[in-house]
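To start, the structure under review is shown below, and the notes come after it.
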Amino acid sequence: MNGTEDSGRRSLVRRTLLRGAALGAAVPLLPTAAGAGAAERSSGAAEGSSGAAGVRADSATLRWLGTSGWRVGIGGRGVLVDPYITRFPTGLFGPKGSFDPATELTCDRELVDRHAGRPEIILVSHTHWDHVNDVPYIARSTGARVVGTETTYHVLRSLGVDKAQISVVKGGEVLDFGGCTVEVVSSRHSRNANWSYFAPGTLNTPPPQAPRTISDLPEGDTLAFQLSVPDGPSVFFMGASDFDERAVAGLRPDVLMAAVPAGRATHRYVPRLLGALGGPATVVPVHWDNFERPLSGPPQRDPAMDLDGFVAEVHRCSPASRVVVPDYATVFGADMLPRTAANA
């Protein structure tokens, strides 16, 4: 057996054991409101279990930052995915017609500092405001490396980020950061009822002026990322509820951070996604919250998102998968069981 085959076999064994452990016992409840808020929609691993052979629950920590954002801790190192912490109002969640594309961009630096920490790496799925708004400030203030598309590169450069900090990717790259690897996957943006999306377009040159409003930030192509940690699970992060089925073929993440769709414009989204990724042991719905409400309170559902329907469809399509619905206050271990309550 060559190295690739051996690695694949270990991954399969680990995921099989993860799935088996997830079905083995009832999930313990933490004696805090935060622990109870991170709802398990099916049975999960016993408290203290690593979840799989060779996978340590303490190999990583994960905290949901709302939308598709995550703060990942790997030892003393930090990785951010799509961190949108400022969460300013645009009218998107108000009465019909109240959304204002001319809403000015703003960053609450004190709030961002409190939630973002000191990351080494920032992964940006695409360049809409609810994914990239706070990234320029975080990159400038921490020196973190940003991984994203060419559009992300030009936007960040126009907002004062050093070009030496930005790694432009397209999909297909496997980046070794020494202690974790990031596989970059070409992906697709969510579709609305008109089979389209807000602010399409890409940047191949610097913008004439720095973005000032949310409509100045084009989608700029969409990526997904699979983060793998030694002795820990592989985690697939989505920033939007669509994907390139051929691009994800062969990936077998232990944990899937799956964006919840706002409708049925994408054909058989859930069964195709779970089938292409081999039925991940744990599925975590993301991008279902009202991202104009602060992280200090409980998540409020986006009324356009059928979270319950999504969870039910995951159970139908992949009965062995455990579904974990996160909240903002819970820090999870690598096994996606609650560890502590975060400081809001």
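Values as computed for the structure displayed
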{"read-out": "Residue in the range 116-139 that is out of contact with any Ser or Thr (no Cβ under 9 Å at 6 or more places or on another chain), under 24 Å from residue 249 (Cβ atoms) and modelled with pLDDT of 95 or more present", "value": "yes"}
{"read-out": "Residue list for the range 104-157, filter: touching a residue at least 40 places away in the same chain (Cβ under 8 Å) and basic (Lys, Arg)", "value": "114, 118, 157"}
{"read-out": "The one condition in (1) crowded, with 16+ Cβ neighbours inside 10 Å; (2) on the phi > 0 side of the Ramachandran plot; (3) without any contact (Cβ under 8 Å) to a residue 40 or more places away in the chain that residue 287 fails to fulfil", "value": "(3)"}
{"read-out": "Selected residue (criterion: least open to solvent (accessible area, probe 1.4 Å)) from residues of the range 161-182 that are farther than 17 Å from residue 150 by Cα, of a type outside the set (A, V, I, L, M, F, W, C) and not in a loop (DSSP other than H, G, I, E, B)", "value": "181"}
{"read-out": "Near pairs, Cβ below 6 angstrom, 6+ apart or cross-chain, from the range 245-258 (basic (Lys, Arg)) to any residue that is part of a loop (DSSP other than H, G, I, E, B)", "value": "252/278"}
{"read-out": "Contacts under 6 angstrom Cβ, first residue in the range 316-333 being open to solvent by less than 10 Å² (accessible area, probe 1.4 Å), partner in a strand (DSSP E or B) and aromatic (Phe, Trp, Tyr), 6 or more apart", "value": "326/64"}
{"read-out": "Test result for residue 295, open to solvent by less than 20 Å² (accessible area, probe 1.4 Å), under 27 Å from residue 341 (Cα atoms) and out of contact with any strand residue (DSSP E or B) (no Cβ under 8 Å at 6 or more places or on another chain)", "value": "yes"}
{"read-out": "Residue selected from the range 46-83 under the condition at pLDDT below 95, in a loop (DSSP other than H, G, I, E, B) and hydroxyl-bearing (Ser, Thr, Tyr), by the criterion surrounded by the most Cβ atoms within 10 Å (Cβ to Cβ)", "value": "50"}
{"read-out": "Selection from the range 218-238 of residues that are farther than 18 Å from residue 178 by Cβ and among the charged types (D, E, K, R)", "value": "219, 221"}
{"read-out": "Every residue from the range 84-93 that is of a type in the set (A, V, I, L, M, F, W, C) and open to solvent by 10 Å² or more (accessible area, probe 1.4 Å)", "value": "88, 92, 93"}
{"read-out": "Subset of the range 223-242 that is open to solvent by 10 Å² or more (accessible area, probe 1.4 Å) and touching a Phe, Trp or Tyr at 6+ places or on another chain (Cβ under 8 Å) - its residue that is modelled with the lowest pLDDT", "value": "242"}
{"read-out": "Residue within the range 89-102 that is in a helix (DSSP H, G or I) and under 19 Å from residue 239 (Cα atoms) present", "value": "no"}
{"read-out": "Residues that are within 16 Å of residue 127 (Cβ to Cβ) and either open to solvent by 20 Å² or more (accessible area, probe 1.4 Å) or not in a helix (DSSP H, G or I) (or both), drawn from the range 142-153", "value": "146, 147, 148, 149, 150, 153"}
{"read-out": "Residue among 248, 260, 255 that alone is open to solvent by less than 10 Å² (accessible area, probe 1.4 Å) and closer than 22 Å to residue 194 by Cα", "value": "260"}
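The rows are residues; the columns are (1) over 14 Å from the mean Cα position of the chain (by Cα); (2) closer than 23 Å to residue 320 by Cβ.
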{"residue": "221", "(1), (2)": "yes, no"}
{"residue": "230", "(1), (2)": "yes, no"}
{"residue": "235", "(1), (2)": "no, yes"}
{"residue": "243", "(1), (2)": "no, yes"}
{"residue": "260", "(1), (2)": "no, yes"}
{"residue": "265", "(1), (2)": "yes, no"}
{"residue": "277", "(1), (2)": "yes, yes"}
{"residue": "281", "(1), (2)": "yes, yes"}
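The values are calculated or read from the model by the stated rules, or taken from the named source; none is laboratory data. Computed from a predicted structure; not experimentally measured. Positions of Cβ are generated from backbone atoms using ideal geometry, with glycine treated the same way; all protein chains shown enter the neighbour counts. Please note that ligands, DNA and RNA were not included when accessible areas were found on the heavy atoms of the full protein model with its side chains. Shrake-Rupley method; radii C 1.70, N 1.55, O 1.52, S 1.80 Å.
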